[in-house]
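These notes concern the structure reproduced below.
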Amino acid sequence: MTASETKEIEEAKKAALEVLLHNAKGPYHGLPRTAGWGYPEPYTRDLMFSILGIAVSGNKKLLDSIRKVLKTLAKNQSQRGHIPSLVHDREDRGASDTTPLFLLGTAIFRKVAQEPHFLKEAVDKALVWMEYQSPTDRYMTAQQPTSDWRDEQWVTGYGLFVNTLVYCYLRLLGHHERADKHLQEIRRFTFSPATPPSQLPEGLVIKHKPYFAFWGYKIYSSERFDLLGNSLAILSGIASPSRAIEIVIWVEKECAAMRTNSELTGDLPPNFFPYIQPDDSDWLPRYESFNLPGEYHNGGIWPFICGLYVAALVAAKKHKLAETKLLALSRLVKISKTDGLTFGFNEWFKAHDGKLKGQDWQTWSAALYLYAAKCVELKSTPFFDEMRENKHLKQTET
């Protein structure tokens with residue numbers, strides 16, 4: 001990396017920290033904002049993801065703010081252990097990813113703060129809640145459509161993203177026996193209407209493809225590619241080292257083809273592809289307003305997810321490619337729609353033309369940039385390295 005490129009990254013890191021410090025205190029009980037102006041509310045999933053960047057920043061003010069977030073979530077936890085979608089509003093419930101993100105975030109905070117029993121009662125309740133999210137009373141977690149971060153896209157049954165979160169918190173919290181069994185289920189094949197009956201439960205491995213299914217349930221599944229879920233699968237070790245490399249090669253090859261077909265611009269991958277088209281069987285009428293091909297959840301480019309993809313490249317030991325993508329992300333996060341900003345850290349961009357569509361100074365965009373930069377700098381992935389190095393992963397993959 002050249003001196004000028006290193007300077008670009010250092011400037012972006014400094015700006016990301018400025019965004020997080022600006023957003024650290026908002027109008028709702030002094031809790032952090034989700035974005036600098038557009039989202040004053042403290043959204044649980046955004047703030048839980050931001051823990052990764054805050055943890056590696058070492059900034060005391062940010063760590064104190066996230067401690068307050070976690071304690072407030074514990075206070076507003078439901079009687080049965082569910083974590084609300086808004087940190088300050090215990091009645092805003094129904095998300096499938098907030099409770100596993102709370103468990104993951106608390107596990108990371110415990111390590112940084114060196115407080116192994118932090119929020120023990122809330123963690124124990126949340127763990128019980130999550131066990132009841134398995135409709136077969138096994139290990140894979142199921143969800144309702146539009147209940148995770150894709151609140152405008154259907155994920156039915158066993159979604160990859162939520163199940164990677166579950167696996168991650170189980171490892172970090174030391175629940176290795178349950179994590180082993182969860183991993184075994186994820187690594188089984190998806191079924192189809194043509195699949196012969198089997199006594200084994202369905203999984204998320206797709207025959208003849210390197211990546212994991214978007215979702216699967218009984219004889220149905222989606223073979224579209226979820227960048228967030230697969231990046232977490234690489235980071236956590238759900239994907240074996242050889243599969244991780246195959247996923248990366250496949251992503252880069254597919255993105256090159258999309259650029260040739262004018263479906264993608266720039267050097268960063270969309271969050272989801274191939275895009276759902278209006279004549280596809282999984283197209284829904286509401287997508288016309290919110291999820292056009294290459295937009296929002298249907299293929300938009302999200303900086304926070306690209307940050308995790310950079311980290312996944314480091315985990316796959318693709319260090320040169322990780323540097324290239326981090327530099328591309330450094331340039332993307334400069335784009336803003338607010339006058340006077342040197343860095344926008346916007347929420348998401350259209351895949352076809354790179355036009356920004358979300359809010360500036362997005363907390364998770366800034367936080368995951370910091371995490372990606374730290375991973376590239378260290379050539380390691382804090383908090384995930386121990387998952388991949390775990391002796392329990394020495395299993396034969398499907």
Where labels lie 7 Å past Cα in the beta-carbon direction, separation of Lys209 and Ile245 in nm: 2.3
Leu200 versus Glu10: modelled label distance in nm, points set 7 Å from Cα along the beta carbon direction: 5.2
For the chain: relative contact order, % (alpha-carbon pairs under 8 angstrom, 6 or more apart): 18
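I need the peptides 71-79, 284-292, 305-313, 139-147 ranked by packing, meaning the mean over residues of other C-beta atoms within 10 angstrom, with the highest value on top.
Details: 71-79: 17.7, 284-292: 14.6, 305-313: 28.6, 139-147: 19.3.
Packing order, densest peptide first, comes out as 305-313, 139-147, 71-79, 284-292.
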Extension gain from Glu131 to Thr260, taking 0.36 nm per residue of separation minus the Cα-Cα distance: 41.9 nm
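Applying 1/(1 + (r/R0)^6) with R0 = 30 Å to the Cβ-Cβ distance of Lys253 and Met1, what FRET efficiency is obtained, to the nearest 0.05?
Efficiency for this residue pair is about 0.80.
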Pair Arg286, Tyr220: separation of 7 Å Cα→Cβ label points (nm): 1.6
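What percent do you get for the relative contact order of the stretch 1-90 when only Cα pairs under 8 Å and 6+ apart count?
For the stretch 1-90, the relative contact order is 22 percent.
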Cross-link reach list, aspartates and glutamates versus Lys320, counting only Cα pairs under 12 Å and skipping chain neighbours closer than eight places: Glu377
Aspartates and glutamates whose Cα lies under 17 Å from that of Lys209, excluding same-chain neighbours fewer than 8 positions away: Glu223, Asp226, Glu246, Glu252, Glu254, Glu397
Estimated FRET transfer efficiency when R0 is 25 angstrom, pair Glu386-His319 (beta carbons, to 0.05): 0.80
Cross-link table Lys111/Lys318; Lys71/Lys111; Lys25/Lys334, entries beyond 19 Å C-alpha to C-alpha: Lys111/Lys318; Lys25/Lys334
Prolate/oblate/rounded label for the chain (Cα gyration tensor, a/c 1.5): rounded
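None of the figures in this text is laboratory data; all of them are computed from the coordinates on show. Here the structure is a predicted model, which means the values were calculated and not measured. In this analysis, Cβ positions are derived from the backbone assuming ideal geometry, glycine residues included, and neighbour counts consider all displayed protein chains.
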